Amino acid sequence: MKTIYKTDNGILSQKETFEPDIWINLISPNMDELTEVAEYYQIDIADLRAALDEEESSRVQMEDGYTLILVDIPFEEIRNEQRAYTTIPLGILLIQDAIITVCSEDTAILSSFANNRMRGFSTKKKMRFVYQILLRTTNLYQALLRVIDKKRSEIETRVGTETTEDKDLINLHELETNLVYFATSLSANKVVLDRLTRYERIQQYPEDKELLDDVIVENRQAIEMTNIYRDIIHGARELVSTIINNRLNNTMKLLASITLVMAIPTIISGIYGMNVSGKWMPLSTTPHGFTIICGIITLICALVLLILKRSKML
């Protein structure tokens, strides 16, 4: 889908044709749309399609007449039948008369600009627009990192209860996977930001450079948050695994103790059930012999239970 925007006196409006100082937003574009934009602005169509490849790495690539900026942005998806987070490429092409964004999905980052919810947004100030996109990206990373940490806290609150299940381990593993994606993408974005600090191809204003400094600081903070949360989740996953294993061990100890106690009447009744002369069996001819034997069995079982309890086997 191709959408053209332009700001006039702070008002964002859609355009039907290519004009100076416009923003061309390509969301999962088809080949006709890519070809149209590439031919009009003399852009290599491979650079336009770069952001549609999920395996593309973040970079700044300077060509004759335009500059390609590729960054990774966070994106929500359904993985293992639950909500999870990953990263997808976002392509930004800087041209003298326009700025082009290319993405395979409609994300909250670009929609906030398309809905004119960003203060100080103008399609005429291209570098500022780029830095605003990058700042919005780092802010979204931080917001999702807080969501991930909140999910981790909810799982930890169940660790000390009987409701802890194997799925908690799976959920923690999914959260750790999200952080791996975030850490990789944020580190790649850091390289792009460092390259942009030396970027002088398009005019930048002093406030633009200040905005870039803010982006660098926020991105560094997001990297630190990711590393901290990943270490915490790794420890929480080991804790949950240890608790589940400990409960399994306690269950096995309980079952072993029950088996030991139940074996006592089984052994005694088996001895008395042997096909031998009854006169040789103790208490076989004694009045109330059966009751006495049952009492002895009960006494032995109680004694074994007491020993097991003192040995903390129960």
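The values are calculated or read from the model by the stated rules, or taken from the named source; none is laboratory data. Predicted model only: the values in this text are computed from it and were never measured. Heads up: the accessible areas ignore ligands, DNA and RNA and are worked out on the full protein's heavy atoms, side chains in. Shrake-Rupley method; radii C 1.70, N 1.55, O 1.52, S 1.80 Å.
Within the straight-line cut-off of under 20 Å between alpha carbons, the lysines reachable from residue 2 are 15, 124, 126, sequence neighbours fewer than 8 places apart in one chain being disregarded.
Calculated mean residue ellipticity, 222 nm, the chain: -20000 deg cm²/dmol, from DSSP H runs (n ≥ 4) at -39500 (n - 2.57) each, averaged per residue and rounded to 500. Heavy-atom surface analysis with a 1.4 Å probe gives the chain a carbon and sulfur content of 54 percent of its accessible area. If all Cα-Cα distances of the chain are sorted into 20 Å bins from 0 onward, what percent lands in each bin, rounded to whole numbers? Taking all Cα pairs of the chain, the binned fractions are 25, 35, 16, 12, 10, 2 percent. Rolling a 1.4 Å probe over the heavy atoms of the protein chains gives the range 200-314 an accessible area of 71 Å² per residue. The alpha-carbon of residue 167 sits under 30 angstrom from the alpha-carbons of these lysines, leaving out residues fewer than 8 places away in its chain: 150, 151, 253, 312.
Mean sequence separation of contacting Cα pairs (under 8 Å, at least six apart), scaled by the length of the range 39-103, corresponds to a relative contact order of 30 percent. Its convex hull of Cα atoms gives the range 213-255 a direction-averaged projected area, equal to a quarter of the hull surface, of 2.5 nm². Taking amide H atoms as placed 1.01 Å from N in the peptide plane, the amide H of residue 123 lies under 5 Å from those of 7, each 5 or more residues away in sequence or on another chain. Against the criterion of solvent-accessible heavy-atom surface with a 1.4 angstrom probe, 112, 122 sort, most first, into 122, 112. Principal axis extents of the Cα atoms in the range 175-314, from largest to smallest and rounded to whole angstrom, are 113, 27, 16.
Shape verdict for the range 1-142, please, from the Cα gyration tensor: rounded (a/c under 1.5), prolate (a/b greater than b/c) or oblate. The shape class here is oblate. Taken as entire DSSP H runs, the helices of the chain that both span 18 Å or more between Cα atoms along their own long axis and average 0.0 or more on the Kyte-Doolittle scale are 166-196, 206-272, 289-310.
For residue 313, the accessible surface of its heavy atoms amounts to roughly 70 Å² (probe 1.4 Å, protein chains only, rounded to the nearest 10). Residue 176 sits with roughly 30 Å² accessible to a 1.4 Å probe, with DNA, RNA and ligands left out of the calculation.
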